[in-house]
1. So what's the projected area for region 276-408, the Cα convex hull averaged over all directions, in nm²?
2. Kindly write out, for region 169-185 in residue order, the coupling ³J(HN,Hα) from the Karplus curve 6.51 cos²θ - 1.76 cosθ + 1.60 (θ = phi - 60°), rounded to whole Hz, with x marking Gly and Pro.
3. Whole-Hz Karplus ³J(HN,Hα) for region 83-94, in order, using 6.51 cos²θ - 1.76 cosθ + 1.60 and θ = phi - 60°, x for Gly and Pro?
4. About its Cα centre, how strong a charge dipole does region 274-408 have in debye, to the nearest 20, once Lys and Arg get +1 and Asp and Glu get -1 at the Cβ?
5. Could you state, as a whole-number percent, how many of the C-alpha pairs of region 268-333 are farther apart than 19 Å?
6. May I ask you to rank Glu188, Glu232 by accessible area, largest first, using a 1.4 Å probe over the protein chains only?
7. In whole angstrom, how far apart do the alpha carbon centroids of region 368-403 and region 73-111 sit?
8. Let me check I have the definition right: for region 35-112, take the eigenvalues of the Cα gyration tensor, multiply each by 5, take square roots. What are those semi-axes in whole Å, largest first?
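The values are calculated or read from the model by the stated rules, or taken from the named source; none is laboratory data. Model, not experiment: these values are computed from the prediction. All Cβ positions, even for glycine, are placed from backbone atoms using ideal geometry, and neighbour counts span all protein chains on display. Keep in mind that these areas ignore ligands, DNA and RNA; they rest on the heavy atoms of the full protein, side chains included. Shrake-Rupley method; radii C 1.70, N 1.55, O 1.52, S 1.80 Å.
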Amino acid sequence: MDIPDFARLLRRLSSFARLIQFDRRGTGLSDPVPVDALPDLETQVDDVIAVLDAAEAKRPAVLGISDGNLVAMLLAATHPDRCRALALYAPAAMQAAAPDHPIGYTLEFVEETVQLMTDGLLQGGGGLEWLAPSRVGDERFAAQVARLQRSALRPGAIGHYYRQSMLSDIRPILPTIQAPTLVIHRTEDRIMPIALGREVANLIPGAKFVELPGTDALPFSGDSDRIVEEVEEFLTGAHTGAEFERILATLVFTDIVDSTSVAAKVGDRAWRDLLDQHNELVRSEFARFRGREVITTGDGFLATFDGPGKAVRCALSITEAATTLDLEVRAGVHTGEVDVRELDVGGLAVHIAARVAALAAPGEVLVSSTVKDLLVGSGIEFEGRGEHALKGIPETWRLFAAQRDSLA
């Protein structure tokens, strides 16, 4: 999984339930199909049933996300024997405006949106100002989302599914849903206004509506833990979100600089070979400096260390060794308290480390003032890089570049 935040969301969900992820025809890991063969909603429900049968999941709880909610709600309504509970994140039963539906979008807006989404995909992906406004300016996250869009969606498929989701009206079937239902919606969602989520909750008998603060439409951006906790408590009667270990750790994020351009230059096959060599190199350095790999981001890594000295020396070694592959790698290092759940880590310190890494220059190891202050007398020297505002992080932070010459 190229997006650590997305991978973490999936791990959290799978910590209390068996997780079966469904990709519609022509999207994600499902086989590509011609545009004229993309399915209607009824066929998509049949596809879900086929997947459940293959996975021997007789009556699971169903979680719908964004435009996938239509299929989830139709499944619950038309196959009540296959859905024991229904959880919906940012749903809408109808997005278009009508005389009896003034809260919807005009047809002109629908067509403009579909065209914008298609054009955006053709131009390389993006749209963070709508998908995750809180992450605008986070270049690493933007690149990860764009890569996910390019690999998971095709222009024809995105046009078909977005038009389908924005023009469908399933309001009449919602009162027939018998499964216990949870509706979660963020207050300032820019893609799916919260009024549409409230409408869904009002139409489904006995549905529970939970309003969460936030602007991001992507469930893995923002406070995704709250979403998981609400789903877990709804399905199990309790949540384990507070039951984690807090430890002090030093975090290292690494990232291949301008990886998209490098991949385009050398070609797909050579890029995969080069990436394999890079990954082997980074992992060997982690082992040498006793770091623990948490996750790979496709063209980078997150690792934890039990001390800042090992972390900085490891990051410097990685950035230097990467030049033997004609790659430029940058790294960010921060020390702070992290929440540990099984093999995953979370908390503010992780976000700080990611923001620090995003500001590093090619070949540079950038550290927070916390790391620099902890390494006084260590022999590692630093050069000031000024004060910076880190997106979503309180106050400004003094950052420093670790000097490779000081370790010679």
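1. Numbers: hull surface 31.8 nm².
Convex hull of Cα atoms, orientation-averaged projection: 8.0 nm².
2. Here the 3J(HN,Hα) series is 9, 10, 3, x, 8, 4, x, 8, 5, 9, 5, x, 10, 10, 10, 10, 8 Hz.
3. 9, 7, 7, 10, 10, 10, 10, 6, x, 8, 8, 7
4. On the way: 14 positive and 20 negative charges, 44 e Å.
It works out to roughly 220 debye.
5. Numbers: 533 of 2145 pairs.
Value for region 268-333 (Cα pairs over 19 Å): 25 percent.
6. Details: Glu188 115, Glu232 10 Å².
Heavy-atom accessible area, descending, gives Glu188, Glu232.
7. Using only Cα atoms to place each centre, the spacing works out to 48 Å.
8. Numbers: eigenvalues 150, 48, 19 Å².
Result for region 35-112: semi-axes of 27, 15, 10 Å.
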